[in-house]
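A.B. asks: The following block contains the structure, expressed as structure tokens.
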Amino acid sequence: MTTALERFSPEEITSGGRVADDRRQRARHALGVAGGQDSAAPLRSELRRHRLTMYPTVALGLLGFVDVFQGDALTVVSPEVGAALGVGVGAVGAARALQFLAQAVAPLPMAALAQARGKRALLCLVTAIAWSLITLSTGFVTSLVALIFILIADGLSTGSVLALHAPLLADTYPPSVRVRTQSVYVAVATVGHIAAPLLVALLSGVFHLTWRGDFLGMGLLSTAVSLVAIGVQDPGPGRFDTELLHQAVAHEDGQREEAHNAGLGFFEILRRLMLIPTIQRLMVGFLVFGMLLIPFLTFLSSFLADRWHLTVAGRGLVIGAGYGLAVVGLFIYGAVAENDFAKDPARVVRRVGNAVILCVVFIALGGTSPFFYPMVVLMGLGLLCVGITGPGLNSVTQSIVDSRQRPHVAALAGLFLAVGALLGVLLLSGVAQEYGITGSIISLLIPGIPAGLIIRSASKLVDRDIERMVDSIIEEEDLAAFKAGGGRPPMLTAKGVNFSYGQLQVLFDVDFTVDEGEMVALLGTNGAGKSTLLKVISGIGLPSSGTVRLLGDDITYLDAERRVKLGITQIPGGRSVFGRLTVIENLRGFGYTLGADRRRVDDAIDACLSAFPRLEERKTSLGATLSGGEQQMLGLCKALILQPKLLLIDELSLGLAPVIVGQLLDLVRRINAEGTAVVLVEQSVNIALSLVNHAYFMEKGQMRFDGPAHDLLGRDDLLRAVFLEGATKGQKAGKR
Amino acid sequence: MRRTAVAVALAAIACGLTGCSGLQFVEDQRLSFTSPADSKLTQLPVTLSWTMKDFATTGSGAGSFAVFIDRAPIKVGHNIRSVLAKNVAFSEQQLEQQNVYVTKDTKVVLTLVPRIRYDKAVRQRHTATVILLDDDGTRRTESAWIRSFDLDAKGSAS
């Protein structure tokens with residue numbers, strides 16, 4: 001007898017449960033991470049080969065370049081702004097902090113907007129023009145309130161830089177040039193940090209403009225520069241990787257039918273991303289790195305003023321020189337990291353972790369240096385190390401997630417950095433008050449070294465996550481080929497499911513399949529992971545890896561309520577009713593997902609009450625006052641009301657009298673006979689196997705048996721360890 | 001239609017928030033500091049001096065200078081009296097206690113500059129902001145001139 005799993009994935013079975021290595025290799029090649037010792041091809045020839053230009057990189061880089069105008073200019077002229085508005089520099093600083101907060105949260109709605117509307121290139125352009133006009137309007141503010149309003153608007157509009165630029169570049173260029181293009185992009189954007197103070201100096205020194213005139217001039221320039229990006233096109237997600245990956249692993253006969261996956265909502269995507277181990281680890285790294293990054297850039301100016309008594313011009317020169325060094329470093333780093341990325345993306349992550357550690361060492365040495373020029377060089381090296389973290393980590397994070405989820409991962413990174421930055425500023429302000437500005441610069445070692453180590457540790461997870469992504473695409477292609485060959489996917493397929501409660505893993509690579517209209521038993525010891533598997537299927541719990549498909553559609557990360565609407569209903573063992581509601585109220589509650597169709601709910605409630613006359617008698621009683629059997633009856637009514645495609649029942653018979661169990665089982669049979677597929681989680685082998693033909697057996701989070709129910713009875717090695725040995729013997733004797 | 005309405009509303013809000021007149025886009029170069037040099041390490045007493053063109057401090061309707069040490073100046077349209085609490089009688093001494101000096105001369109001598117308490121550095125940076133007042137003591141323009149000077153913390157008043 002063939003199992004549902006075999007019917008679904010013939011290739012997997014023929015290859016002994018392993019995907020053929022050559023498909024994996026082809027997939028890695030499509031992702032540009034196939035390994036090998038060859039150096040990356042020259043950027044120009046690669047671009048020519050793909051008929052691409054550097055225009056999108058430079059254009060987006062220029063948007064990043066003008067993005068910093070507002071903030072950097074305000075840093076320089078804040079005393080003048082305060083003097084004109086009659087407010088202290090501290091108040092201007094507070095307004096800047098609000099701008100920073102807006103910048104921190106803005107990437108998330110920007111990612112949501114990109115998800116809903118697409119047109120990322122247009123969004124980049126529109127937001128750039130918006131912030132340019134905002135920069136221009138800064139020259140017109142006459143009060144602190146107006147300044148705050150303007151700065152928050154600016155912060156919100158610049159969300160597109162973090163959320164959209166890196167994903168757009170990742171989709172515009174093939175993986176073979178991705179790190180180099182990201183490096184060029186960051187380099188162009190970094191020049192903005194050098195240009196902004198110089199522009200202020202030019203507008204004030206040569207044209208004798210006030211800060212208002214400075215903002216007016218910079219706003220006009222920013223608008224003009226933004227228009228350069230008018231020709232940037234959005235190639236759509238995954239043109240150079242996900243799509244190629246699908247082609248690389250597709251079956252050679254070329255037959256495929258597009259998988260119709262239920263699209264994930266915005267928060268479902270965020271949650272899904274946070275379950276990817278590399279992303280999870282890197283986000284922690286970003287949080288700690290943020291504690292170093294923003295405070296360093298903020299405190300560096302104060303350090304130069306207080307320790308070295310530099311004027312505004314002197315500080316601008318030193319910081320500008322540091323950024324200049326970072327720009328040069330980015331061009332060199334791009335080529336090196338590209339080779340690393342092709343050979344082993346984990347190496348890129350390791351190098352970035354090392355760079356972060358080196359960065360704080362340089363900063364600390366610079367902070368304690370008694371000599372001016374060595375200090376300038378050391379701080380410059382610190383800025384260089386900060387600069388190269390962006391392209392490397394962008395390339396890796398953008399490559400291990402689904403291409404449609406790239407804006408989300410970029411937005412998450414920005415958010416974690418920003419939260420870290422706020423914590424860091426608080427920490428360093430305290431240190432500065434106690435130990436002075438030099439003390440606070442040295443104290444950057446505290447978050448810097450752990451940040452580097454955390455980022456470094458993520459390198460161990462990268463390869464596994466790339467494999468996981470490849471696996472899921474291979475599975476989609478297998479399914480597409482299966483459908484194209486006339487096959488109909490099973491009602492439910494859970495494949496390679498791993499699940500953890502915090503650090504405690506409870507499911508290990510679990511496969512589970514239910515065909516349409518089938519009733520299967522899921523058996524196992526206490527704590528074997530049966531209920532957890534049901535949670536993963538119903539969406540109450542999300543797996544750390546693996547897929548769950550309903551009729552072939554990937555529902556792994558859908559919210560539980562969306563799964564109910566798709567036809568999955570779970571009846572949790574012994575906890576299936578609301579104790580403070582009456583029987584009727586419970587039934588109405590179950591019908592909530594039917595929406596406004598009150599008549600259908602009423603009919604369904606009538607059907608329930610006629611199926612269980614005992615409930616009719618107690619229909620005004622509170623759920624908590626019902627007996628265990630009555631509660632299970634009420635729980636089962638959920639299935640009668642919702643009429644799901646797949647019903648998951650957890651521990652139906654637990655603690656109930658046989659006569660009650662009999663009544664309940666009759667109803668389960670009836671529900672199944674009407675076409676609903678049923679998964680019955682049971683401790684009682686007798687009960688379960690009297691109902692089903694197909695059984696699964698779990699032990700210690702692993703699927704130990706998948707086959708005909710009567711075969712399970714022959715598996716003493718499994719049953720003896722768990723259930724009463726006598727029961728199985730008795731069953732066998734009875735059958736004889 | 002709805003987009004136009006939103007644009008008009010935004011423009012109205014922006015105009016209301018920013019005001020549309022009396023803004024200064026070009027530097028007012030009538031005042032030049034003569035001492036101390038910018039960011040120079042100096043000692044108490046500090047003489048802050050400047051030269052001024054096209055601003056009368058004598059005769060009818062003559063204005064005056066207000067110097068704010070390490071604090072924000074008053075807003076445009078506000079009177080120098082707003083520096084003091086309502087129940088405090090207005091006097092130059094009271095203003096000086098608030099680190100504000102009003103003078104018709106082109107210099108002030110600072111015999112006392114309070115330490116910046118949150119700054120632990122031995123050499124502390126102080127900021128003087130000079131603005132113009134009319135004969136009534138009201139600030140009429142955005143013009144403000146800023147000069148920084150350093151003091152050894154031991155030389156400042158605690």
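A.B. asks: Inspect segment B:117-129 for any residue being outside any strand (DSSP E or B) and away from every other protein chain (no Cβ under 12 Å) and give the result as yes or no. Break it down stepwise before answering.
C.D. replies: Initially, segment B:117-129 is screened for residues outside any strand (DSSP E or B), giving B:117-122.
If we keep only those that are away from every other protein chain (no Cβ under 12 Å) as well, we get none.
Within segment B:117-129 (the criterion being outside any strand (DSSP E or B) and away from every other protein chain (no Cβ under 12 Å)), the answer is no, since none of the residues qualifies.
A.B. asks: Can you find even one residue in segment A:308-329 that is at pLDDT 85 or above, touching a Ser or Thr at 6+ places or on another chain (Cβ under 9 Å) and more than 30 Å from A:Ala201 (Cβ to Cβ)?
C.D. replies: No, segment A:308-329 contains no residue that is at pLDDT 85 or above, touching a Ser or Thr at 6+ places or on another chain (Cβ under 9 Å) and more than 30 Å from A:Ala201 (Cβ to Cβ).
A.B. asks: What pairs come up if the first residue lies in segment A:634-655 and is closer than 14 Å to A:Cys608 by Cβ, the second is of a type in the set (Ser, Thr, Tyr) and modelled with pLDDT of 85 or more, and their beta carbons are under 8 Å apart, counting only those six or more places apart or on different chains?
C.D. replies: Matching pairs, first to second residue: A:Lys638/A:Thr569; A:Ala639/A:Thr569; A:Ala639/A:Thr676; A:Leu642/A:Thr569; A:Gln643/A:Thr676.
A.B. asks: Would you say A:Val191 is surrounded by fewer than 23 Cβ atoms within 10 Å (Cβ to Cβ) and away from chain B (no Cβ under 14 Å)?
C.D. replies: yes
A.B. asks: Residue by residue through segment A:208-243, note down the ones that are closer than 21 Å to A:Leu63 by Cα and within 14 Å of another protein chain (Cβ to nearest Cβ).
C.D. replies: Passing the criteria: A:Asp214, A:Phe215, A:Leu216, A:Gly217, A:Met218, A:Gly219, A:Leu220.
A.B. asks: Check A:Gly486, A:Gly539 and return the single one that is of a type in the set (Gly, Ala, Ser) and in contact (Cβ under 8 Å) with a residue 12 or more places away in the chain. Explain how you work it out, then say what you get.
C.D. replies: Values: A:Gly486 fails: in contact (Cβ under 8 Å) with a residue 12 or more places away in the chain.
So the residue among A:Gly486, A:Gly539 that is of a type in the set (Gly, Ala, Ser) and in contact (Cβ under 8 Å) with a residue 12 or more places away in the chain is A:Gly539.
A.B. asks: Working only within segment A:188-236, note down all residues that are over 21 Å from B:Gly22 (Cβ atoms) and of a type in the set (Val, Ile, Thr).
C.D. replies: A:Val188, A:Thr190, A:Val191, A:Ile194, A:Val200, A:Val206, A:Thr223, A:Val225, A:Val228, A:Ile230, A:Val232
A.B. asks: Just give me the residues in segment A:669-688 being within 17 Å of A:Glu516 (Cβ to Cβ) and among the β-branched types (Val, Ile, Thr), in sequence order.
C.D. replies: Hits for segment A:669-688 are A:Ile671, A:Thr676, A:Val678, A:Val679.
A.B. asks: Determine if segment A:142-159 includes at least one residue that is in a helix (DSSP H, G or I) and under 30 Å from A:Asp241 (Cα atoms). Show your work before the answer.
C.D. replies: Our first condition is that a residue be in a helix (DSSP H, G or I); within segment A:142-159, this holds for A:144-157, A:159.
Those left that are additionally under 30 Å from A:Asp241 (Cα atoms): A:157, A:159.
Yes, there is a match, as at least one residue in segment A:142-159 is in a helix (DSSP H, G or I) and under 30 Å from A:Asp241 (Cα atoms).
A.B. asks: So, in segment B:132-158, of the ones that are among the acidic types (Asp, Glu) and more than 21 Å from A:His208 (Cβ to Cβ), which residue ends up modelled with the lowest pLDDT?
C.D. replies: Result: B:Asp152.
A.B. asks: I'm told A:Met469 meets every condition in (1) at pLDDT 85 or above; (2) part of a helix (DSSP H, G or I) except one. Can you identify the failing condition by its number?
C.D. replies: Just one mismatch for A:Met469, condition (1).
A.B. asks: Exactly one condition in (1) at pLDDT below 90; (2) surrounded by 20 or more Cβ atoms within 10 Å (Cβ to Cβ); (3) of a type outside the set (Ser, Thr, Tyr) is false for A:Arg49; which is it?
C.D. replies: (2)
A.B. asks: Can you name the residue in segment A:262-311 that is more than 26 Å from the chain's Cα centre (by Cα) and not in a helix (DSSP H, G or I) and, of all such residues, is farthest from the other protein chains (Cβ to nearest Cβ)?
C.D. replies: Per the criteria, the residue is A:Leu310.
A.B. asks: In this structure, is A:Thr158 of a type outside the set (Asp, Glu), away from every other protein chain (no Cβ under 13 Å), buried (at least 24 other Cβ atoms within 10 Å of the Cβ) and touching a residue at least 40 places away in the same chain (Cβ under 8 Å)?
C.D. replies: Spelling it out, A:Thr158 is indeed of a type outside the set (Asp, Glu), away from every other protein chain (no Cβ under 13 Å), buried (at least 24 other Cβ atoms within 10 Å of the Cβ) and touching a residue at least 40 places away in the same chain (Cβ under 8 Å).
A.B. asks: I'd like the full set of residues that are closer than 20 Å to A:Lys535 by Cα, modelled with pLDDT under 85 and among the basic types (Lys, Arg), limited to segment A:600-648.
C.D. replies: Passing the criteria: only A:Lys638.
A.B. asks: Could I ask something else about it? Take the residues in segment B:51-82 that are in a loop (DSSP other than H, G, I, E, B) and among the charged types (D, E, K, R); name whichever of them is nearest to the other protein chains (Cβ to nearest Cβ).
C.D. replies: B:Lys75
A.B. asks: Moving to a separate point now. Can you work out which of the residues in segment B:83-113 that are among the polar types (S, T, N, Q), at pLDDT below 90 and outside any loop (DSSP other than H, G, I, E, B) is surrounded by the fewest Cβ atoms within 10 Å (Cβ to Cβ)?
C.D. replies: Ranking the qualifying residues of segment B:83-113, first place goes to B:Gln93.
The values are calculated or read from the model by the stated rules, or taken from the named source; none is laboratory data. No experiment lies behind these values; they were computed from the predicted model shown. Cβ coordinates were reconstructed from backbone atoms using ideal geometry, including for glycine residues, and neighbour counts include every protein chain displayed.
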